[in-house]
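Novice: I'd like to ask some things about the structure below.
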């Protein structure tokens, strides 16, 4: 669906894909989806300042590298400053205005850094493990994904959700077929399991944060020239 320190290896610009990678069942399945197509997959894990057990993502990426070899790269990037700027320093007024949507702010910080990674490496496709069965997470609703896809496209990156219609059983079967453990071993976040009902407030929250996201990306891209 598209509403609109691992070793870094050279990527094939026309076929490579970057993946938001926690090491959980969904991001593992997303990586498998592309690796089965023989597409180089750059797995990106992000530290937001409120997470522990970050080594779990590296470990899970290592399992994929053992299976698929040099098609797999992994990198951890720090997003805590942008996350704080988008979601933490305004947490109290945001909760009063929009509800508890801090996870959308976190995902926007990850998205910004992932877009920059794609631009740095000539990658045109960015993917995640979002699924319709999990729309109790605000960032996995259309209200988040549509504007997120739009800002990615404005920077010439296609942001896609290839397993959005997949079921839990299908996701776990993909790992089992590759003899990979389907366990959801991934970093733990202080704000995890923030479940809410989809609402128009999600889109309003995201739209309120996008100017800062856009300015952050433009500033960083300018420094790369």
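The values are calculated or read from the model by the stated rules, or taken from the named source; none is laboratory data. On a predicted model such as this, the values are computed, not experimentally measured, just so you know. Ideal geometry is used to build each Cβ from the backbone, glycine not excepted, and the neighbour counts take in all protein chains shown.
Novice: What about residue 52, is it over 23 Å from residue 153 (Cβ atoms) and either buried (at least 22 other Cβ atoms within 10 Å of the Cβ) or modelled with pLDDT under 95 (or both)?
Specialist: yes
Novice: Still on this structure, I have one more. Look through 14, 38 and report the one residue that is part of a loop (DSSP other than H, G, I, E, B) and at pLDDT below 90.
Specialist: 14
Novice: State whether the residues of the range 132-144 include one that is touching a strand residue (DSSP E or B) at 6+ places or on another chain (Cβ under 7 Å), crowded, with 18+ Cβ neighbours inside 10 Å, within 28 Å of residue 92 (Cβ to Cβ) and modelled with pLDDT of 95 or more.
Specialist: no
Novice: Let me ask something else. Given the criteria more than 20 Å from residue 88 (Cβ to Cβ) and at pLDDT 95 or above, does residue 205 qualify?
Specialist: In short, no.
Novice: Does residue 44 qualify as being part of a helix (DSSP H, G or I), surrounded by 16 or more Cβ atoms within 10 Å (Cβ to Cβ) and at pLDDT 95 or above?
Specialist: Criteria not met by residue 44.
Novice: Regarding residue 126, is this residue over 30 Å from residue 199 (Cβ atoms) and either over 15 Å from the mean Cα position of the chain (by Cα) or crowded, with 20+ Cβ neighbours inside 10 Å (or both)?
Specialist: When the stated conditions are applied, residue 126 does not pass them.
Novice: Of all the residues that make up the range 152-197, how many are surrounded by 14 or more Cβ atoms within 10 Å (Cβ to Cβ), modelled with pLDDT under 95 and touching a strand residue (DSSP E or B) at 6+ places or on another chain (Cβ under 8 Å)?
Specialist: Count: 2.
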